[in-house]
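Written below as structure tokens is the structure these notes are about.
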Amino acid sequence: MQGFDDIAQWRARIFSRLLAIVLVLGTVAAIPSVIVVLRHGVWTVAVMDGAALAWLFVLWRLERLPYTFRVLNFLAIIYMVAICLMLKVGPVSQNYLMAPPVLAAILLGTAPALAALVASAVILVLGISHFHPTLVDMGHDPLVTALLVALNFTCVGALLTLTCGTMLKGLSRSLDEVRGFAKSLETGQDALQALNAELRLTSAALARLNDMVLIARAVDTPDRDQPIIFSNEAFQRRTGYSDADIVGRSMRVLHGAGTDPAVVERIVESMRNGQAATAEMVNYTKSGDPYWVEMELMPFTDDAGRISHWVVVGRDITERRHSADAIHRLAYYDVLTGLPNRRLMTERLDALVAAANAGCGLGAVLYIDLDNFKHVNDARGHATGDALLKHTAKNLANVVRKGDTVARLGGDEFVVLLDGLGTDIALATNAALAVSDKVRAALADAVTIDDQSYNSTASIGVALPTRPGQSVADLLRDADLAMYHAKAAGRNGVSVFETPMLAAAERQLTLGRDLSAAFDNGELSMHLQLQVDAAGGPVGAEMLMRWRRGDGTFVPPDIFIPVAETTGLIVPLGLWVLRQACQARLALERAGHPLQLSVNVSPRQFRQPEFVAQVQAAFAESGVAPHAFVFEVTEGLLVEDFDVITAKMRELAAFGIRFSIDDFGTGYSSLGYLKKMPLYELKIDKSFMRDTPHDANGTAIVQTILAMADHLGLRVVAEGIETEAQARFLAENGRPCMQGYLYCRPMPLADLIARLERATVAAPV
């Protein structure tokens, strides 16, 4: 802009151009003028023209001279020409005197122009005063004539000079304003360029952010579509939408079936209030694939404070949500069946109990245990067992209502939580029993796994939160107790919890603690009961455990032995009994009565991996011969892990131990097992002997057992012989050995030895 908005530069340009023009025009005009004046002999004018042209040429060439100096010289040339012409030609040359004030106004300013005007007027006065007065019609006074002419000249010159000066001052001010505006524009342009650079940088940064960015134009009503005007590269990569696909469309195009309407409504409500919002929600790509996004929505306002745009920044959290879901499933759901696990079930059960305690209605707990599931697992393997558990879980889920909960606690134990059964206890109980029957019916259906058909039954315990202040643990324990009652009642049944069950469980717990203390305090002892032959002669004795408390009271074996089985105390007790039997055998040998001793072995004890080694160690420590002992096992031992059990039995039989099936006929084993096992004897349960020989059915069973044992070459011992009639019947049918009160009650070892010494074994007690 330099040279166009500066008046000094503008004047310099005009002056340079003016010198060139005047030099050319002067040269063109001087040639004929010189010829004319020389012809008339006016040498002064010719010399003046030449000097003026030469002087102009020098000013034109010497551009390095100061501007004002050159302008003053230029004006001096005009004055020189004007004075010369006035002296030689006449007053007509006053036209030249008009030029210096006007040119000075243009080239130097108003003040120099007025000075030039005064100078022109003085020259005009001096020049006209020498002219002939007839040149004007003013009389004959030359001075008056000159003053009048000069006055008119000055008025016209002042008009032209002031007009030019005023115009140039206005032009100067305009140029100053233009210069200021230009500087402002330059400053604004620099700021605009800097702002554009920042915008380009910001746009590039937004475009290359890993976070997804959308910008939508705000409309008056948030419920209406907010058209998208920008999307960055991260958004386009993740969603598959290009700018052409997404620009102009609503953000709702990203929503789908998995998008939570409640989350969308919360965002819209924030937009109505002009507030920012954050949310985690499911969006969908262009191809329809869902993904989780953590989004932040922020409003942007214009200068008037109105929201003009909405900016959405989103982060893809699909992997995080999947990981969180996986962790949640591991924490709250069973891996095998996909059902809620104990933790989630406990949380829901807590809500069920809290609702009942608050009087909001009853629920129920169904504690389900599959009957004999271990048989399938052991016989067919865990893969088959797992398949059966999955099928059970599916059946349970199909039976219950949508709002109920089916959970797997572990193993073959399941829990069903029934909610919303009303406030009437009887009606709620009936509803729970109705569901229990549906569960039993569904689980009883045959299941085909690997072309094999399996039938499963279940024992179910039912409990309702009917006691004030009942906790989750209390309710679950009640249902568990009821389930064990159903199992004890013969399996494949349903039992509703009753308060006496809890009292019985508490008694059993107390009894278990007392039994453990009794073992440590020496309150347990071993009694022996003789076994006799058909003639009444002693052939052996059974070791029987007795418990006499410190206060002298006795606890029956049928009370504390099941407790020992349940608590696991039967394992150390069994080893203690074996050592006591070894000591008893040594005592009998020393007394001269080396009877064969029968020892009861618990299935739990027999299944211990180190059982065989423990037996061998006990005999090695005592030095007693193993062939003098008979291990009595129940038929229930043979049902589970048959191959493993028989392998242990054969190993012990090879060691010298003999085996007897206790309570034969009351268990679940197949008669085919008898041929595969190293058996020595069968013991007929006293329940079959109780009504023999008067009961036809009992008598037939006993005769069948005796015939079968004879066919297999097995020794038979009949328990519970209390009458002469029973003894005669047995003497007439197979002549088995006998054991019962008719011959001998259980007694301490010392008493038995004393009895044997008195040779009174054959006599009835």
**Message:** Looking only at segment 240-260, how many residues end up being part of a helix (DSSP H, G or I) and under 16 Å from residue 295 (Cβ atoms)?
**Reply:** 5
**Prompt:** Which condition number in (1) open to solvent by less than 50 Å² (accessible area, probe 1.4 Å); (2) part of a helix (DSSP H, G or I); (3) in contact (Cβ under 8 Å) with a residue 24 or more places away in the chain is the one that residue 264 fails?
**Reply:** (3)
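Mind listing whichever residues of segment 730-756 are in a helix (DSSP H, G or I) and either open to solvent by 20 Å² or more (accessible area, probe 1.4 Å) or in contact with a Lys or Arg (Cβ under 6 Å, 6 or more places away or on another chain) (or both)?
Of segment 730-756, the ones in a helix (DSSP H, G or I) are 730-732, 749-756.
If the condition is that a residue be in a helix (DSSP H, G or I) and either open to solvent by 20 Å² or more (accessible area, probe 1.4 Å) or in contact with a Lys or Arg (Cβ under 6 Å, 6 or more places away or on another chain) (or both), then 731, 732, 749, 750, 751, 753, 754, 755 are the ones that fit.
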**Fill in**
The condition from (1) open to solvent by 20 Å² or more (accessible area, probe 1.4 Å); (2) part of a loop (DSSP other than H, G, I, E, B) that residue 408 misses is numbered (2)
**Asked** Checking residue 565 against (1) touching a Ser or Thr at 6+ places or on another chain (Cβ under 7 Å); (2) open to solvent by less than 50 Å² (accessible area, probe 1.4 Å), which test does it fail?
**Response** (2)
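From the set of residues in segment 364-390 that are within 20 Å of residue 345 (Cα to Cα) and part of a helix (DSSP H, G or I), which is most open to solvent (accessible area, probe 1.4 Å)?
Of segment 364-390, the ones within 20 Å of residue 345 (Cα to Cα) are 364-370, 389-390.
Subsequent filtering for residues that are part of a helix (DSSP H, G or I) retains 389-390.
Values: 389: 5, 390: 107 Å².
Only one residue tops the list, namely 390.
Here's the yes/no breakdown for (1) hydrophobic (A, V, I, L, M, F, W, C); (2) in a helix (DSSP H, G or I); (3) within 17 Å of residue 372 (Cα to Cα); (4) at pLDDT 85 or above:
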| site | (1), (2), (3), (4) |
| --- | --- |
| 398 | no, yes, no, yes |
| 422 | no, no, no, yes |
| 433 | yes, yes, no, yes |
| 438 | no, yes, no, yes |
| 443 | yes, yes, yes, yes |
| 470 | no, no, no, no |
**Prompt:** With respect to residue 58, is the statement that it is at pLDDT below 80 and assigned to a helix (DSSP H, G or I) true?
**Reply:** no
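Any chance you could count how many residues in segment 636-660 are modelled with pLDDT of 80 or more and either more than 21 Å from residue 375 (Cβ to Cβ) or in contact with a Phe, Trp or Tyr (Cβ under 9 Å, 6 or more places away or on another chain) (or both)? Steps first, answer last, please.
Initially, segment 636-660 is screened for residues modelled with pLDDT of 80 or more, giving 644-660.
Next cut, either more than 21 Å from residue 375 (Cβ to Cβ) or in contact with a Phe, Trp or Tyr (Cβ under 9 Å, 6 or more places away or on another chain) (or both) only: 645-646, 648-660.
The number of residues fulfilling the criteria is 15.
Results for (1) of a type in the set (Lys, Arg); (2) assigned to a loop (DSSP other than H, G, I, E, B); (3) open to solvent by 70 Å² or more (accessible area, probe 1.4 Å); (4) modelled with pLDDT of 90 or more, shown as yes or no for each residue.
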| site | (1), (2), (3), (4) |
| --- | --- |
| 238 | yes, no, yes, no |
| 288 | no, yes, no, yes |
| 293 | no, no, no, yes |
| 300 | no, no, yes, no |
**Prompt:** Taking interchain pairs and intrachain pairs at least six residues apart, which have beta carbon atoms under 6 angstrom, with the first residue in segment 66-77 and closer than 13 Å to residue 22 by Cβ and free of Cβ contacts under 8 Å to residues at least 24 places away in the same chain and the second part of a helix (DSSP H, G or I) and of a type in the set (A, V, I, L, M)?
**Reply:** 73/59
**Asked** On the given criteria, is residue 70 open to solvent by less than 30 Å² (accessible area, probe 1.4 Å), modelled with pLDDT of 75 or more and basic (Lys, Arg)?
**Response** yes
**Message:** Return the pair list, or none, for Cβ contacts closer than 9 Å from residues in segment 585-608 that are under 28 Å from residue 562 (Cβ atoms) to residues that are modelled with pLDDT under 90 and assigned to a loop (DSSP other than H, G, I, E, B), at least 6 apart or on different chains.
**Reply:** 603/640; 604/568; 607/640; 607/641
**Request:** Pick out the one residue from 344, 336 that is open to solvent by 40 Å² or more (accessible area, probe 1.4 Å) and either closer than 21 Å to residue 241 by Cβ or among the aliphatic types (A, V, I, L, M) (or both).
**Result:** 336
**Message:** Given (1) closer than 25 Å to residue 515 by Cα; (2) at pLDDT 95 or above, identify the lone condition not met by residue 602.
**Reply:** (2)
**Message:** Take the conditions hydroxyl-bearing (Ser, Thr, Tyr) and at pLDDT 90 or above and apply them to residue 453. Does it pass?
**Reply:** no
**Message:** Tell me the residue from 708, 738 that is under 17 Å from residue 542 (Cβ atoms) and over 60 Å from the mean Cα position of the chain (by Cα), please.
**Reply:** 738
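The values are calculated or read from the model by the stated rules, or taken from the named source; none is laboratory data. Nothing here was measured: the structure is a model prediction, and the numbers come from that model. When we count neighbours, we look across all protein chains shown, and the Cβ atoms used for this are built from the backbone with ideal geometry, even at glycine. The accessibility values were calculated without ligands, DNA or RNA, using every heavy atom of the protein model including side chains. Shrake-Rupley method; radii C 1.70, N 1.55, O 1.52, S 1.80 Å.
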